[in-house]
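Everything on this sheet refers to the single structure shown next.
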Amino acid sequence: MNLKILIINLLMITFAFYSIAEEKITNNLNNEFSVYTGTFDFSDTGKKSTLIGFQHQNENLNRNTFLGNLSPVTGALITGDNASYIYTGVQAQYKLGGLNFTPSFTPGLYHEGDGKDLGHIIEFKSELQISLDLTKSSQFGFSYNHISNASLGDKNPGANSYMFNFFKKF
């Protein structure tokens, strides 16, 4: 089965499940999980690949600062070429009504698998997410990120990716 079709079906089933469960959720929503899928390194036609990932945020750890509402995030992604990236870092959250802007910075560990050689095991991901509140506890959005090793390795080709995101609070 085509990986893109499998990922789209997985997201649709997840969305349907959580929409039904929405009625049973209490006001104590402290954990946010997101699943995302998209294209890894879309700007490199030779190494671009599909990706799927997940991310967790514990809202008990949010802090209001002069930079906005900051919180730690942890996640992982894997590409269709078995490249993988696990990360943890910080994100800021800015709300404009039902629209959310979420920039983040997450250092992590990268393994190229059969995918693109990014030049080092330590990589840094800078990302911007834009999402829309669907319900009190769920959002749907789009994000763009850049992964780079900041010249830690002998080479630093970087990777630009975009994803569609589904967020759910528990």
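The values are calculated or read from the model by the stated rules, or taken from the named source; none is laboratory data. All values derive from a computational prediction rather than experimental measurement. So basically every Cβ, Gly included, is an ideal-geometry build from the backbone, and we count neighbours across all protein chains shown.
Going by the conditions given, is ASP117 assigned to a loop (DSSP other than H, G, I, E, B) and either at pLDDT 95 or above or within 11 Å of the chain's Cα centre (by Cα) (or both)?
When the stated conditions are applied, ASP117 passes them.
Restricting attention to the range 125-144, does a residue exist that is under 22 Å from LYS47 (Cα atoms), buried (at least 20 other Cβ atoms within 10 Å of the Cβ) and not small (Gly, Ala, Ser)?
For the range 125-144, residues under 22 Å from LYS47 (Cα atoms), buried (at least 20 other Cβ atoms within 10 Å of the Cβ) and not small (Gly, Ala, Ser): present.
Select from the range 120-146 the residues that are touching a strand residue (DSSP E or B) at 6+ places or on another chain (Cβ under 7 Å) and over 14 Å from SER34 (Cα atoms) and list them in ascending order.
Passing the criteria: ILE121, ILE122, GLU123, PHE124, LYS125, SER126, GLU127, LEU128, TYR144, ASN145, HIS146.
Name the pairs: first residue in the range 74-89 and under 15 Å from PHE33 (Cβ atoms), second residue crowded, with 23+ Cβ neighbours inside 10 Å and hydrophobic (A, V, I, L, M, F, W, C), Cβ to Cβ under 7 Å, at least 6 apart or on different chains?
Within 7 Å, the pairs are LEU77/LEU51.
Would you say ASP133 is assigned to a loop (DSSP other than H, G, I, E, B) and among the charged types (D, E, K, R)?
no
Check PHE105, PHE66 and return the single one that is free of Cβ contacts under 8 Å to residues at least 24 places away in the same chain, in contact with a Gly (Cβ under 6 Å, 6 or more places away or on another chain) and not β-branched (Val, Ile, Thr).
Details: PHE66 fails: in contact with a Gly (Cβ under 6 Å, 6 or more places away or on another chain).
None of the others qualify; the one that does is PHE105.
Looking at the range 28-51 only, could you name the residues that are surrounded by 14 or more Cβ atoms within 10 Å (Cβ to Cβ), closer than 23 Å to PHE167 by Cβ and free of Cβ contacts under 8 Å to residues at least 60 places away in the same chain?
If the condition is that a residue be surrounded by 14 or more Cβ atoms within 10 Å (Cβ to Cβ), closer than 23 Å to PHE167 by Cβ and free of Cβ contacts under 8 Å to residues at least 60 places away in the same chain, then THR50 is the only one that fits.
Only one of these is modelled with pLDDT of 95 or more and touching a strand residue (DSSP E or B) at 6+ places or on another chain (Cβ under 7 Å): LEU67, LEU99. Name it. Steps first, please.
Details: LEU67 fails: modelled with pLDDT of 95 or more.
Answer to the selection: LEU99.
State the number of residues belonging to the range 147-161 that are within 12 Å of the chain's Cα centre (by Cα) and surrounded by fewer than 15 Cβ atoms within 10 Å (Cβ to Cβ).
Of the residues in the range 147-161, 0 are within 12 Å of the chain's Cα centre (by Cα) and surrounded by fewer than 15 Cβ atoms within 10 Å (Cβ to Cβ).
Residue-wise test of (1) touching a Pro at 6+ places or on another chain (Cβ under 9 Å); (2) of a type in the set (Gly, Ala, Ser); (3) within 24 Å of ASN82 (Cβ to Cβ); (4) assigned to a strand (DSSP E or B).
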position	(1), (2), (3), (4)
SER126	yes, yes, yes, yes
GLN129	yes, no, no, yes
HIS146	no, no, yes, yes
SER151	no, yes, no, no
ASN160	no, no, yes, yes
PHE164	no, no, yes, yes
LYS168	no, no, no, yes
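Determine, yes or no, whether THR74 is of a type in the set (Ser, Thr, Tyr), at pLDDT 95 or above and more than 22 Å from PHE142 (Cβ to Cβ).
no
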